[in-house]
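Asks: Have a look at this one before I ask anything.
Read-outs throughout are calculated quantities, based only on the coordinates presented, and are distinct from any laboratory measurement. Note that the structure is a prediction, hence the values are computed from the model and not measured. FYI the Cβ positions are ideal-geometry reconstructions off the backbone, even for glycines, and counts take in every protein chain you see.
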Ligand SMILES: C[S@@+](CC[C@H](N)C(=O)[O-])C[C@H]1O[C@@H](n2cnc3c(N)ncnc32)[C@H](O)[C@@H]1O
């Protein structure tokens, strides 16, 4: 599915960058006055020093961006402690994680702040542009520069293909594919995920992605899903529940005894 989307030329200071993005994504570049007259539901715009995704209702203000700051309640010092269901699911002995469904990169960034070495895969070119912008803002953060941290590597493309050609095998492959909508989530998460669903649709090939991940993970595959969804790969080795979500862990081969 390819939702209607254009790049908005709002600020002359970003004209070059906006033109380059529109060319790269093969989308129209529109002035604000023209955008209002057209029936296009989504826009990318450089605003407030970052790249934002807007829907028509948010044309004037707001917008969704890759948030690189700790989530509410999350420890802000580095490395953040490895507690909570997400950290338990990826495992304390894990060092390298490949997120095969990066999306808004909120899980990847939480894991990066815990000190894991992250590689991120994403197949939507629109999301890739938003994540690239987020990661370049991350690289400018004081705490990242001071510690000489490498921000996560971002690879564009379908993970089902990309996983077959990795330079090195990650300890853990992390999957959070799009499931059909369910009950209440936090307002921002809901907005972000709903917009993603409107643009991309559900990930109907998640079963194939899971099978591929099981062939290429070193120690485990972790699948995040709504708490009431059927486990993607059948009975998991273990599961960790959090608010409205569940992390199913599938251990690989000899790690099944760990
Ligand atoms: C539910 S979102 C992930 C949200 C993410 N965990 C976060 O914290 O923001 C799913 C994302 O995975 C991507 N995706 C799904 N299947 C994929 C595949 N086979 N290869 C690459 N990306 C994929 C979708 O394009 C979408 O951006």
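Asks: Please give the residues of the stretch 41-57, grouped as numeric ranges, whose backbone N is less than 19 Å from a label point set 7 Å along the Cα-to-Cβ vector of residue 16.
Replies: Of the residues in the stretch 41-57, 45-51 have backbone N under 19 Å from the label point off residue 16.
Asks: Follow-up. Quote the FRET efficiency, to the nearest 0.05, computed for residue 166 versus residue 57 with a Förster distance R0 of 51 Å and r equal to the Cβ-Cβ distance. Write out the running numbers ahead of the final one.
Replies: On the way: r = 40 Å, r/R0 = 0.79.
It comes to 0.80.
Asks: Measure nothing but the geometry: give the 0 to 90° angle between the long axis through the Cα atoms of 187-200 and the longest principal axis through the Cα atoms of the chain, rounded to 10°.
Replies: In the chain, helix 187-200 runs at an angle near 80 degrees to the longest axis.
Asks: Order these by the 10 Å Cβ neighbour count, fewest first: 104, 143.
Replies: Values: 104 23, 143 12.
Arranged by neighbour count, lowest to highest, 104, 143 become 143, 104.
Asks: Taking the DSSP beta bridges in the stretch 5-58 as the whole, what percent of them are antiparallel, to the nearest 5? The partial results should precede the final answer.
Replies: Working: 6 of 13 bridges.
Percentage antiparallel, nearest 5: 45.
Asks: What is the stretch 5-58's relative contact order, in percent, from Cα pairs under 8 angstrom and six or more apart in sequence?
Replies: On the way: 79 pairs, mean separation 21.7, N = 54.
Relative contact order of the stretch 5-58: 40 percent.
Asks: Rounded to the nearest 0.05, what FRET efficiency do residue 193 and residue 77 give with R0 = 35 Å and r taken as the Cβ-Cβ distance? Could you check?
Replies: On the way: r = 28 Å, r/R0 = 0.81.
Computed FRET efficiency for residue 193 and residue 77: 0.80.
Asks: Oh, and also: If I stretch the segment between residue 146 and residue 26 completely, what's the gain in nm (0.36 nm per residue apart, minus their alpha carbon distance), one decimal?
Replies: Numbers: separation 120, 0.36 × 120 = 43.20 nm, distance 3.77 nm.
Going from the current span to full extension adds 39.4 nm.
Asks: On to the next question. Neighbouring Cβ atoms within 10 Å as the yardstick, rank 144, 90 fewest first. Show your work: numbers first, answer last.
Replies: Values: 144 17, 90 25.
Fewest-to-most ranking of 144, 90: 144, 90.
Asks: Gain in length, residue 237 to residue 153, computed as 0.36 nm per residue apart minus the alpha-carbon separation, to one decimal in nm? Provide the component values of the computation, followed by the final result.
Replies: Values: separation 84, 0.36 × 84 = 30.24 nm, distance 2.88 nm.
Full-extension gain reported as 27.4 nm.
Asks: For the stretch 110-138 and the stretch 2-60, compute the distance between their C-alpha centroids and round to whole Å.
Replies: Each part's Cα centre sits 21 Å from the other's.
Asks: With both bridge residues required to lie in the chain, what share of the DSSP beta bridges run antiparallel, to the nearest 5%?
Replies: On the way: 19 of 41 bridges.
Here the antiparallel bridges make up roughly 45 percent for the chain.
Asks: Quick check: residue separation of residue 4 and residue 67 times 0.36 nm, minus the Cα distance between them. What number comes out in nm? Don't skip to the end; give the middle numbers.
Replies: Working: separation 63, 0.36 × 63 = 22.68 nm, distance 2.39 nm.
Extending this stretch completely gives an extra 20.3 nm.
Asks: Neighbouring Cβ atoms within 10 Å as the yardstick, rank 19, 146 fewest first. Let's see the in-between values first.
Replies: Values: 19 13, 146 9.
Going from least to most buried by this count: 146, 19.
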